[in-house]
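Visitor: To start, I am sharing the structure in question, which I have written as structure tokens.
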Amino acid sequence: MSPVLVSTYSAVTSAGVGEQALIDWLAARDGESADPGVAVGGLYAGLPASTGHALVDFDVRTHMGRKGTSTLDRATALSVVCCQDVLRRAELTIDETNRARVGVALGTSLGSFKSTSDYTRDTLVQERPYLVNPMLFPNTVMNCAAGQVAIKFGLMGVNATVAGGPLAFLNALRYANNVLDRGYNDVMLAGAVEEFTPHRAWASHLTGATGQVTSGEAAALFVLTSEQPPAWARLTPRARILAVATAYGPGGDGGAERALTGCVDRVLRRAGRVGADVDLVVTGESADDDRREYGPATRALGVEPRRLLPKRMLGECDAASGAVALAVVLAGGHRGLALLTGRGAGGAVGAALVERMSDDGSDRG
């Protein structure tokens, strides 16, 4: 994997829409303290918890207008609003000269859990011959969000949806990098999405997946290019993703920990760095005493840098957790070398090494 440049990004989280909303939200809070979220009873009834990390006042029509938005599920709506914002911020004008050179790689768990569940239920309870709404069927497929992003903004490059749970964003980064490496596209929008719905909230609650935090939601997209950005895109690099590695560690906690240690070793080796160069580790854990990612990562590094836990601030965002982590690193103004880690319940693990660049796009001094 060759390094890729991140020029800009947008994130739709419980903090609000866009980078500035996230910057302001982080600045107003102590990142070391757990945030319980906001009251979510007005958004849905019958939730397992009264609070969550949802954007409760989100309305896609406010951002996109009424045309073509009435049938969008929440995950798709979050994604198209995020894409609109990131294209605007990057000043990327999509036209006939470049639309085939801009692609999308979007990470997810399984698309919209709510859409799939509700549509399936309708086929059972509606009057025969199954009077379900055909306009809602596209929401049931996993790649609905990525497809709608491409349709609404005329992106005709590679379009991929990568299902990977907590590793979805790291997998999407690897996919986008391969596309850029092979010259299929000049620009890739890589990110991930996860919606807040009763279906996700209850699934996370019953399986214990949320740990010591409540469920959250997010969509985040990053504008990626190779280290030689196309001339038609006037982009200023803000960060460099030096390397990404994923693996699978069978055999319980021991296997997963060994696999994660191996991932950290590989990203350091590929980037030509050593553990002492890393000054921030961003993990998918939610509590200080949870070291299932931090422990293996620091054993590979040989040092124990500062740890950042985005889930304590923005909730359990599942597939979007990695994208939220990178957004928090950039929004927080971190200037050093950051290691992002991820770990799934079944043994999937991954790591990414990210270097923040100076505001003018040059390497940090």
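Visitor: Mind checking which aspartates and glutamates have their C-alpha under 14 Å from LYS114, skipping anything on the same chain fewer than 8 residues away?
Guide: In chain and number order, the partners are ASP73, ASP122, GLU194, GLU195, GLU217.
Visitor: Order the peptides 195-205, 287-297 from the highest to the lowest mean number of other Cβ atoms within 10 Å of their residues.
Guide: 195-205, 287-297
Visitor: Excluding GLU217 itself, calculate the net charge of residues whose Cβ lies under 10 Å from the Cβ of GLU217, where each Lys or Arg counts +1 and each Asp or Glu counts -1.
Guide: Spelling it out: positives minus negatives among the neighbours equals -2.
Visitor: Carbon and sulfur together cover what percent of the accessible area of the stretch 110-228 at a 1.4 Å probe radius?
Guide: C and S atoms contribute 56 percent here.
Visitor: Specify which residue in the list LEU155, GLY216, GLY249 is farthest towards the positive end of the charge dipole of the stretch 133-270, using unit charges on the beta carbon of Lys, Arg (+1) and Asp, Glu (-1), about the Cα centre.
Guide: Of the candidates, LEU155 comes out farthest on the positive side.
Visitor: What is the chain's relative contact order, in percent, from Cα pairs under 8 angstrom and six or more apart in sequence?
Guide: For the chain, the relative contact order is 24 percent.
Visitor: Still on this structure, I have one more. Using only DSSP helix segments of four residues or longer, with each worth -39500 (n - 2.57), what per-residue ellipticity at 222 nm results for the chain after dividing by its residue count and rounding to 500?
Guide: One gets -10000 deg cm²/dmol as the mean residue ellipticity at 222 nm.
Visitor: Same structure again: Taking the Cα centroid of the stretch 32-54 and of the stretch 301-334, what is the distance between the two, rounded to the nearest whole Å?
Guide: One Cα centre to the other: 20 Å.
Visitor: For the stretch 241-365, give the share of DSSP beta bridges that are antiparallel, in percent and rounded to the nearest 5; count only bridges with both residues there.
Guide: 65 percent
Visitor: With just the Cα atoms defining each centre, how far is the stretch 243-294 from the stretch 67-121? Give it in Å.
Guide: Each part reduced to its Cα centre gives a spacing of 30 Å.
Visitor: Ranked highest first by average number of other Cβ atoms within 10 Å, how do 116-123, 185-192 line up?
Guide: Peptide ranking by packing, descending: 185-192, 116-123.
Visitor: What is the dipole size for the stretch 212-365, taken about its Cα centre, with +1 at each Lys and Arg Cβ and -1 at each Asp and Glu Cβ, in debye to the nearest 20?
Guide: 340 debye
Visitor: While we're on this one: Provide the packing ranking of 277-286, 161-170, i.e. peptides ordered by the mean count of other C-beta atoms within 10 Å per residue, highest first.
Guide: 161-170, 277-286
Visitor: Here are several values of mean projected area of the Cα convex hull in nm²: (1) 18.4; (2) 21.1; (3) 27.6. Which one was derived from the coordinates shown?
Guide: (1)
Visitor: Suppose every Lys and Arg Cβ carries +1 and every Asp and Glu Cβ carries -1, with no other charges. What dipole size does the chain come out with about its Cα centre, to the nearest 20 debye?
Guide: Roughly 640 debye for the chain.
Visitor: To continue, here is another question. Straight distance only, please: which lysines reach the Cα of LYS152 with their own Cα at less than 22 Å, same-chain residues fewer than 8 apart left out?
Guide: By straight Cα distance, LYS152 reaches LYS67.
The values are calculated or read from the model by the stated rules, or taken from the named source; none is laboratory data. Just so you know, these numbers come straight off a predicted model, no measurement behind them. Positions of Cβ are generated from backbone atoms using ideal geometry, with glycine treated the same way; all protein chains shown enter the neighbour counts. Areas reflect the complete protein model, heavy atoms only, side chains present, ligands, DNA and RNA absent. Shrake-Rupley method; radii C 1.70, N 1.55, O 1.52, S 1.80 Å.
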